[in-house]
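To start, the structure under review is shown below, and the notes come after it.
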Amino acid sequence: MAYEQVYQGNMVEIFKISPYFYFRRANLPIRGQCNGAFIVGEREVVIVDAPPEGIEMLDEAEKLFHKPVTAVLLTHGHTDHIDGLPAWLEKDVTVYCNYRILDRLVPEKAYLQAFSSMRGTCRANFTGVHDKINLYLADGKEGGIDIELFIMGDVMHSKGDMFVRVPALELICTGDAVVEYQTTYFHGADIRGWIYSLRQLAQLQNKWILPGHNPELLPYSYMTGFADYLSVIETCARICFMRFHPELLGKTEEERFDSVTTDEVKVLVEEFFDERSKDVVFLEEKAGPVDARRVVRMTLWEFIREWIR
Ligand SMILES: [Zn+2]
């Protein structure tokens with residue numbers, strides 16, 4: 001990446017994208033952290049996502065910017081994006097997230113393991129975003145920094161997806177609604193709502209995507225490419241799903257649930273991949289042979305769950 005690196009440590013690298021926007025590239029496989037960002041105003045800093053070991057991000061903010069963090073913007077509620085939250089909740093911050101996950105983040109109500117590490121009292125405020133919220137950071141000049149927080153109508157990657165857009169940079173932080181192909185994760189996803197909403201998002205005027213997982217920012221055209229990728233996964237999972245159908249038809253819910261085992265799903269998807277259709281070849285080109293199979297299996301499981309419900 002051509003951007004200036006301003007920090008490196010703990011398998012994290014921070015890059016200056018503009019005078020007020022910093023991309024935090026983090027490591028998922030070893031550190032369990034998502035990508036994030038620092039948006040730096042004249043007197044305060046706003047961060048995007050709170051990955052595990054939140055204390056590290058807190059130290060980075062203090063070291064690099066010498067200003068308090070006043071807001072934490074969460075792209076969704078998965079652990080690699082929120083487990084660092086306890087480090088921030090003892091500060092005077094406002095946590096913004098999709099209203100659908102507000103309940104599980106407020107410490108008194110939260111059942112999350114991560115919150116047991118919180119020692120002090122919670123000083124944070126919580127704001128659930130229902131449609132769209134605009135934030136404004138003074139930057140010492142005219143105009144300041146506008147930040148748009150918004151959610152889409154459909155469940156996409158998760159039921160708690162929220163988007164953070166910086167209009168002046170034509171940049172959008174997507175969390176895991178857009179990621180590198182091989183890291184796509186489907187548990188709790190609604191693939192149809194996801195594809196539909198991505199195609200709507202693709203209509204916006206933007207140049208850059210800051211994805212939940214990928215070593216680089218991505219050009220905005222990736223939004224459409226990613227929707228296309230999900231469409232092929234959906235097609236493949238649907239074909240596999242229909243192959244389950246005859247033997248399960250007519251059985252009760254419990255029987256159907258019991259009829260489908262992890263091994264069966266694995267074998268079915270393996271057999272499907274052995275047929276080497278052009279969709280299978282496309283998915284392997286994008287995600288590699290191991291993850292191409294995984295994403296189809298995960299989507300198939302989401303279909304099975306939904307069908308059983
Ligand atoms: Zn993630």
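Of the residues Asn206, Asn214, which is away from the ligand (no atom under 16 Å from the Cβ), modelled with pLDDT of 95 or more and not in a helix (DSSP H, G or I)?
The conditions single out Asn206.
So, of the residues in the range 150-186 that are among the acidic types (Asp, Glu) and farther than 19 Å from Ala50 by Cβ, which turns out to be nearest to the ligand (Cβ to nearest atom)?
Selected residue: Glu180.
Would you please list the contacts, defined by Cβ atoms under 8 Å and residues six or more apart or on different chains, that run from a residue in the range 28-44 that is over 16 Å from Gly9 (Cβ atoms) and part of a loop (DSSP other than H, G, I, E, B) to a residue that is within 9 Å of the ligand (Cβ to nearest atom) and among the aliphatic types (A, V, I, L, M)?
Cys34/Leu28
How many residues are in contact (Cβ under 8 Å) with a residue 24 or more places away in the chain and either more than 16 Å from the ligand (Cβ to nearest atom) or in a helix (DSSP H, G or I) (or both) when one looks only at the range 218-232?
10
Would you please list the contacts, defined by Cβ atoms under 7 Å and residues six or more apart or on different chains, that run from a residue in the range 68-84 that is assigned by TED's automatic domain parsing to the domain that holds Ala177 to a residue that is part of a loop (DSSP other than H, G, I, E, B) and β-branched (Val, Ile, Thr)?
As it stands, the answer is Val69/Val93; Thr70/Val93; Ala71/Val93; Val72/Val93; His81/Thr75, since those pairs meet every condition given.
The values are calculated or read from the model by the stated rules, or taken from the named source; none is laboratory data. The model shown is predicted, which means the values in this text are computed figures rather than measured ones. We place every Cβ from the backbone using ideal geometry, glycine too, and count neighbours over all the protein chains shown.
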